[in-house]
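Here's a structure for you.
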Amino acid sequence: MSRADLCLDFANTRYYRGQATPTETLNAPGDLAAWAKAAKPPTTREFEAALGLRETIYRLFNAQADGKAAAPRDLEVLNHALARAPARTTLRRGRDGYDWDIEPKSGTALALLAPVLWSAGDLLTGPRLDRVRRCANPECGWLFLDDSRAGKRRWCSMSACGNRAKARRHYHKSKEEDA
Ligand SMILES: [Zn+2]
């Protein structure tokens, strides 16, 4: 079953974006195939185009997390990719529900990324767009959908960034108390 935030998962395949050297998980065409659970890796050229698309998607939702409209150029690039991706025409019943059937014309990167592109379009046009957030740790930059009832989630996950921030606050506080 496709998820609304699949496009954010894809954007997060590069993370710690605020650090001098972000962590890259897609280093070769095979990494993208594994991520998309595809049988065949895309060509190097398509792989590079896919990474470019990922950065476009990141910028689109990063702007949204700041409450800003996307740069027209980024929307144009996404639209161009959507137009060239396989058409979303056929539903099929899968193990966990329904899914869009993808006609993998050629095993191209765009066919691999079709569900990502669709999820980006659905998220941008859907009711949860104002729930797109970026982790409050400036070094992290992880994008996520805030599904909490109050809508005040700030961290990618408490066990990583949230706890680190808490520990830092605690450290500063106890230093002040010692002084
Ligand atoms: Zn984080």
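Quote the FRET efficiency, to the nearest 0.05, computed for A20 versus L124 with a Förster distance R0 of 25 Å and r equal to the Cβ-Cβ distance. Write down the numbers at each step before the final one.
Values: r = 31 Å, r/R0 = 1.23.
For R0 = 25 Å, the calculated efficiency reads 0.20.
Would you list, by chain and number, the aspartates and glutamates whose Cα falls below 20 Å from the Cα of K68, excluding same-chain residues fewer than 8 positions away?
The reachable aspartates and glutamates, counting only those whose Cα sits under 20 Å from K68, are D5, E55, E76, D122, D130, D146.
Taking only protein heavy atoms and a 1.4 Å probe, what accessible area per residue, in Å², does the chain have with all protein chains in place? If you can, show how the numbers build up before the last one.
Working: 10850 Å² over 179 residues.
Heavy-atom SASA per residue in the chain reads 61 Å².
Most fluctuating residue of N79, N163, N62 in a GNM of the chain with Cα springs under 10 Å: which is it?
Maximum among the listed residues: N163.
Oh, and also: Do any cysteines in the chain lack another Cys Cβ under 4.7 Å, and if so which?
Taking the Cβ cut-off of 4.7 Å, the unpaired cysteines of the chain are C7, C161.
Moving on to the next point. I'd like the distance between the alpha-carbon centres of segment 134-162 and segment 42-62, rounded to an integer number of Å.
After rounding, the separation between the Cα centres reads 23 Å.
Moving on to the next point. Rg over Rh of the chain, using C-alpha atoms and the Kirkwood radius, what does it come to? Mind showing how you got there, number by number?
Working: Rg = 18.4 Å, Rh = 17.8 Å.
Taking Rg over the Kirkwood Rh, I get 1.04.
Report, to the nearest whole %, how much of the accessible area of the chain belongs to carbon and sulfur atoms, 1.4 Å probe, protein only.
52 percent
The values are calculated or read from the model by the stated rules, or taken from the named source; none is laboratory data. Keep in mind it's a predicted model, so treat the numbers as computed, not measured. Every residue, glycine among them, receives a Cβ derived from its backbone with ideal geometry; neighbour counts consider all protein chains shown. In case anyone asks, the SASA skips ligands and DNA or RNA and just uses the protein heavy atoms, side chains included. Shrake-Rupley method; radii C 1.70, N 1.55, O 1.52, S 1.80 Å.
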